[in-house]
Protein chains: 2
Amino acid sequence: MALDKYLLAALDEANKGMEAGGVPIGSVLVIDGKIVARGHNRQSQMNSLIRHAEMDCIDRAGGLTSEELGRSIIYTTLSPCDMCAGAIIFFKIPRVIIGENLNYKGAEEYLLSRGVEVQVLNDQACIQMLQDFDRQNPGAWNKG
Amino acid sequence: MALDKYLLAALDEANKGMEAGGVPIGSVLVIDGKIVARGHNRQSQMNSLIRHAEMDCIDRAGGLTSEELGRSIIYTTLSPCDMCAGAIIFFKIPRVIIGENLNYKGAEEYLLSRGVEVQVLNDQACIQMLQDFDRQNPGAWNKG
């Protein structure tokens, strides 16, 4: 299957993060087929506990209205953790498309229980990227 | 009842936020009786969707180990929203002390369901601070 262009953009963000010395996890926010915000994990780059890819992406969506967020889709290369799931719920993002949940499975059940649509692609490029990073940087990534 | 000194520190943070033009919500993180991180809502100051008081506080706890976070207490002047509750759960902070939940009641039930201890003080100073702010800045604060 050809890679979804939005997932490809999230993967591109993950790559940017890795090139900058961070953990390769990326995310994009899409409204009406258009990417309106992009982000990647910057925990090490910003010495920040909370700067996961989804948080970074949502933080860059500052100009959006509640109505716009309410019809957005967030793509993330990796299953979102409890914090990122909480943010998705709080900002009423109704749909999450997850690159993979084999390296880490986050709060998918919680998202579903709160009415968020969740789709897991288990895309090979997403799986491989984090596995390779983990092999080359043992212990550097352990928090999702 | 004399004001809890940690809640007082959280209120002090809320005040700092207001003085800087932001919404007066503050938070401190306590370990073994010592305040190890402080934060306040900086959404307007940082033009950030995610910079709630608890997130700001947790983000400043970067040097702490999981073990330390695992015996910490987070104080917040206002009941935490879904995002902040998710962060509390993700970082395994076992106890939350909430200044008040009358101006906004967040994800307390969810915290309890995930085994987090929750205590609500409904402190008059916390209630009044946000009410006054809301009266003076109608519509500026609406997100918890």
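Where a number appears in this text, it was derived from the coordinates with a stated rule and is not lab data. These numbers come from a predicted model, not from an experiment. Cβ coordinates were reconstructed from backbone atoms using ideal geometry, including for glycine residues, and neighbour counts include every protein chain displayed.
Summary table below
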quantity	calculated
Relative contact order [Cα under 8 Å, 6+ residues apart], chain A, whole percent	19
Crossing angle, helix B:5-19 versus chain B [Cα axis fit, 0-90 degrees, rounded to tens]	40
Average Cα contact separation per residue, region B:16-100, under 8 Å, 6 or more apart, as relative contact order %	27
Three-way shape call for region A:42-136 based on the alpha-carbon gyration tensor, with the a/c threshold at 1.5	oblate
For A:Gly70, residues with placed amide H under 5 Å, excluding near neighbours	none
Prolate/oblate/rounded label for region A:1-75 (Cα gyration tensor, a/c 1.5)	oblate
Calculated FRET value between A:Asp134 and B:Arg71, using beta carbons and R₀ = 45 Å, to 0.05	0.95
Order of B:Ser48, B:Ser27 - criterion: other Cβ atoms within 10 Å of each residue's Cβ, fewest first	B:Ser48, B:Ser27
Pairwise centroid distance, computed over Cα atoms, of region B:19-75 with region A:114-144, Å	28
Using a 7 Å Cα-to-Cβ projection, A:Gly70 label spacings across copies, nm, ascending	4.2
Label-reachable residues, region B:110-144, where backbone N falls under 19 Å from a point 7 Å from B:Leu8's Cα toward its Cβ	B:121-129
Pair A:Ala20, B:Lys92: separation of 7 Å Cα→Cβ label points (nm)	2.9
In range of the label at A:Val120: residues from region A:54-84 whose backbone nitrogen is under 11 Å from the point 7 Å along Cα→Cβ	A:79-80
Lysines whose Cα lies under 16 Å from that of A:Lys5, excluding same-chain neighbours fewer than 8 positions away	A:Lys34
Relative contact order %, region B:77-144, counting alpha carbon pairs below 8 Å whose residues are six or more apart	37
DSSP beta bridge pairing in chain A, given as percent antiparallel to the nearest 5	55
